[in-house]
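Reading through the structure tokens given below for one structure.
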Amino acid sequence: MVGGCKGPKDHLTDVQIALIDQSTKTIGEFKVSDSIRLNKERSCHMSVYSEKQNKLYVLGGFDGWECLKEVEVVDLSVDTPKFEAIPDMESRVKNGVAILNESDQCIYIIGGWDEK
């Protein structure tokens, strides 16, 4: 689980991780990561995971004051994963859906709201 909010104008940079038990197909307890954090507080964002790249992308969202167009990515294959800012989206978007096409490595955003 990435980001979220605890209340009005109280948005998070937390990344919570839970291990999946492959034998029982159950999810363990979620715990906040000590080392992986978003650079920008956000909720209502879109996220996609690239299995080919082993990277998680977090796009747009809401920081408690405005919709966001910032994008962050974390490479989960390195020893010390860290979110990095990459070029912004053209428009501010929250509450959309993001889909990654692994074959062409394109992220498609569907719907959402820009507060206008």
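The values are calculated or read from the model by the stated rules, or taken from the named source; none is laboratory data. These numbers were taken from a predicted model, which means no experiment stands behind them. Neighbour counts are summed over all protein chains in view; Cβ atoms, including those assigned to glycine, are modelled from backbone coordinates with ideal geometry.
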Of (1) farther than 24 Å from Lys9 by Cβ; (2) at pLDDT 95 or above; (3) surrounded by fewer than 16 Cβ atoms within 10 Å (Cβ to Cβ), Asp104 satisfies all except one. Which?
(2)
Looking at this structure, is Ser33 surrounded by fewer than 17 Cβ atoms within 10 Å (Cβ to Cβ), polar (S, T, N, Q) and either touching a residue at least 40 places away in the same chain (Cβ under 8 Å) or more than 19 Å from Trp113 (Cα to Cα) (or both)?
yes
Top-ranked residue in region 41-74 [being of a type in the set (Lys, Arg) and at pLDDT 95 or above; ranked as surrounded by the most Cβ atoms within 10 Å (Cβ to Cβ)]:
Arg42
Subset of region 43-85 (residues that are part of a loop (DSSP other than H, G, I, E, B) and more than 23 Å from Gln105 (Cβ to Cβ))
Cys44, Asp63, Gly64, Trp65, Glu66, Asp79, Thr80
Among (1) in contact with an Asp or Glu (Cβ under 8 Å, 6 or more places away or on another chain); (2) modelled with pLDDT under 95; (3) over 27 Å from Lys9 (Cα atoms), where does Gln22 come up short?
(1)
Output the number of residues of region 5-24 satisfying the condition of being of a type outside the set (Val, Ile, Thr), in a loop (DSSP other than H, G, I, E, B) and surrounded by 15 or more Cβ atoms within 10 Å (Cβ to Cβ).
2
So is Ile27 of a type in the set (Val, Ile, Thr) and surrounded by 11 or more Cβ atoms within 10 Å (Cβ to Cβ) or not?
no
